[in-house]
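**Student:** Let me give you the structure first, and then I'll get to my questions.
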Amino acid sequence: MPDVILPALNEAQAVSWVLKRMPAGFDAIVVDNGSTDATAAIAAELGALVVSEPVRGFGSACAAGLAAATADVVCFMDCDASLDPRALPLLAGFVERDEADLVLGSRVARPGAWPMHARLANKVLAADVRRRTGIEIRDLGPMRAAKRADLVALQVQDRRSGWPLEMVLRAASRGWRIKDVPVEYAERTGRSKVTGTMRGTVQAVGDMGRLLREESRR
């Protein structure tokens, strides 16, 4: 059954909720990305494999989790309780049945859950990806599933907020079957580090914009 990679930075308020809702057979890998709270201790107590990645960055945490994973299929999702782990079997099922190579969770936000600046930035970036690749995706969200060996072979290089976009661009260039499915998106628990803040959104857009410019030059 799949491994679930959960990048985490100071998610002590949310990690218990996330892990307790993990579907049967899905093994959690919590990547502690330099937390100063009890995130790692809580995760370990609840039976998750805890991986320490001191180099800050969403991509750094994802890469560390991927390196620690052993299952044939791996999933990724945020550890802030904005996404419900119970949606993971839906995404992973398409990969397990060989109906898709990469499955993205397209966020359907509850009222107030997704700040307008972050939502608009994501919409623009997704539209740019559709234009470049011809793949009909609506979201570059953090919940996704794919085969572990294939992801390792992609050799995603970004170690900041551009990791999710680079994964999609590299997968599209290799002819992967990419599918998105709707998943519910709720207001996160605790303080947001990226998409819930203007500074975080600007950083993410900057990282992803750089990747798109590099793709254009290639």
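**Student:** Only one of Ser16, Ser52 is more than 21 Å from Leu151 (Cα to Cα) and among the hydroxyl-bearing types (Ser, Thr, Tyr); which?
**Tutor:** It is Ser16.
**Student:** Still on this structure: Please count how many residues of the range 86-121 are without any contact (Cβ under 8 Å) to a residue 60 or more places away in the chain and more than 20 Å from Gly25 (Cα to Cα).
**Tutor:** Number of matching residues: 4.
**Student:** For the range 80-133, name all the residues that are assigned to a strand (DSSP E or B) and surrounded by fewer than 20 Cβ atoms within 10 Å (Cβ to Cβ).
**Tutor:** Matches in the range 80-133: Ser106, Val108, Ala109.
**Student:** Further, regarding this structure: Restricting attention to the range 9-27, which residues are aliphatic (A, V, I, L, M) and surrounded by fewer than 16 Cβ atoms within 10 Å (Cβ to Cβ)?
**Tutor:** Hit for the range 9-27 is Ala24, nothing else.
**Student:** Say whether the condition of being within 13 Å of the chain's Cα centre (by Cα), surrounded by 21 or more Cβ atoms within 10 Å (Cβ to Cβ), at pLDDT below 60 and not small (Gly, Ala, Ser) is met by at least one residue in the range 177-195.
**Tutor:** Among the residues of the range 177-195, at least one is within 13 Å of the chain's Cα centre (by Cα), surrounded by 21 or more Cβ atoms within 10 Å (Cβ to Cβ), at pLDDT below 60 and not small (Gly, Ala, Ser), which makes the answer yes.
**Student:** Continuing with the same structure: Regarding the range 36-50, can at least one residue be identified that is assigned to a loop (DSSP other than H, G, I, E, B), of a type in the set (D, E, K, R) and buried (at least 24 other Cβ atoms within 10 Å of the Cβ)?
**Tutor:** So far as the range 36-50 goes, no, none of its residues is assigned to a loop (DSSP other than H, G, I, E, B), of a type in the set (D, E, K, R) and buried (at least 24 other Cβ atoms within 10 Å of the Cβ).
**Student:** Can you tell me which of Ser161, Ser173 is touching a helix residue (DSSP H, G or I) at 6+ places or on another chain (Cβ under 6 Å), at pLDDT 60 or above and polar (S, T, N, Q)?
**Tutor:** Being touching a helix residue (DSSP H, G or I) at 6+ places or on another chain (Cβ under 6 Å), at pLDDT 60 or above and polar (S, T, N, Q) holds for just one of Ser161, Ser173, which is Ser161.
**Student:** For the range 9-27, check the following and say yes or no: at least one residue is over 30 Å from Phe94 (Cα atoms) and either of a type in the set (S, T, N, Q) or without any contact (Cβ under 8 Å) to a residue 12 or more places away in the chain (or both).
**Tutor:** We begin by selecting, within the range 9-27, every residue over 30 Å from Phe94 (Cα atoms); these are 10, 12-13.
Those left that are additionally either of a type in the set (S, T, N, Q) or without any contact (Cβ under 8 Å) to a residue 12 or more places away in the chain (or both): 10, 13.
Yes, the range 9-27 has at least one match.
The values are calculated or read from the model by the stated rules, or taken from the named source; none is laboratory data. These numbers were taken from a predicted model, which means no experiment stands behind them. In this analysis, Cβ positions are derived from the backbone assuming ideal geometry, glycine residues included, and neighbour counts consider all displayed protein chains.
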